[in-house]
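The values are calculated or read from the model by the stated rules, or taken from the named source; none is laboratory data. Quick caveat, the model's predicted, so the values are computed rather than measured. Note that each Cβ is placed from the backbone with ideal geometry, even for glycine, and that neighbours are counted across all protein chains shown.
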Amino acid sequence: MTQDLFRTDAYCTECTATVTAITDQGIVLDRTVFYPLGGGQAGDAGMLVLADGSTLHITDTRKGKDAEAQFTHEICHIPASDGHSSLSVQDFCRQRGLQVGNTVTARIDWDRRHRLMRFHTTTHLLCHIVPQLVNGCSITPDYARLDFAMTDPLDKDALTAAIATLVAGAHPVTVGSISDAELDANPALVKSMSVQPPRGSGTIRTIRIGTTTADAERIGTADLIDFQPCGGTHVANTAEIGAVVVTKIEKKSATTRRVVLGFAG
Ligand SMILES: [Zn+2]
């Protein structure tokens, strides 16, 4: 089990951790600031700093899988092979002197992660601007795309202007949670047809955009911009999104409109 520090603090850029396993899926730590691919958001990149001060570059992060391809509670850090692409992760780590039980510093590529956070929060703003079900989502450091199940056309400039207004409004973004029962009673909170919130632990993590007054603790308050289950990393305030624009709208199919986001300039 890897403790996922990014769930409570998306701004935590590094931590010390102990290597608990080295498998062909990657390096497993007891705790980490690296977000694993999921919910449409790309996995983090960065580095592990070893005890001797040398660094091991991490190119991607994934959730661990068991023999039945089911996700485990382990987070796997995939090392760059430094040109030794024929080496297994185990052999590569052995060559670099990294062993289970070692203490390392795990440090994410913050510039890259911050772009992912800015895009992820923008996709939630789009859920408010375009109140349609989402049937696809991909968030990368360079662009993001959100697919809406709808047949009406969308206007690129109007969407960009609506995003800019919400960014200028400097609305707080807060992490919370609701119970499985609350979610069952409010099924419309789930805006994605393709990503179902993880159930089973009793509570589901939520992201709220809009006022944080006590009144807003009630689901469905008028000042709320968006509230939905989400496991991703987000900026703390919409002002931090900066200049994100809609670069393209595609008619992906007869019943799907794709909105592509990019950074201006
Ligand atoms: Zn999300």
* Asked: How many of the residues making up region 207-242 are modelled with pLDDT under 95 and either away from the ligand (no atom under 16 Å from the Cβ) or assigned to a loop (DSSP other than H, G, I, E, B) (or both)?
  -> 15
* Total residues in region 27-45, condition crowded, with 24+ Cβ neighbours inside 10 Å and more than 16 Å from the ligand (Cβ to nearest atom) -> 5
* Could you please let me know if Thr140 is of a type in the set (S, T, N, Q) and modelled with pLDDT of 90 or more? => yes
* Asked: Going through region 145-164 one residue at a time, which ones are loosely packed, with under 15 Cβ neighbours inside 10 Å and either of a type in the set (S, T, N, Q) or not in a helix (DSSP H, G or I) (or both)?
  -> Thr151, Asp152, Pro153, Asp155
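Take the residues in region 3-22 that are in contact with a helix residue (DSSP H, G or I) (Cβ under 7 Å, 6 or more places away or on another chain) and part of a strand (DSSP E or B), then tell me which one is nearest to the ligand (Cβ to nearest atom). Give the steps one after another, and end with the answer.
Taking region 3-22 and keeping what is in contact with a helix residue (DSSP H, G or I) (Cβ under 7 Å, 6 or more places away or on another chain), we get 10, 12-13, 15, 22.
Next, only the ones that are part of a strand (DSSP E or B) stay: 15, 22.
On the way: Cys15: 23, Ile22: 31 Å.
It comes out as Cys15.
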* Restricting attention to region 121-144, which residues are in a strand (DSSP E or B), more than 12 Å from the chain's Cα centre (by Cα) and surrounded by 18 or more Cβ atoms within 10 Å (Cβ to Cβ)? -> Val134, Asn135
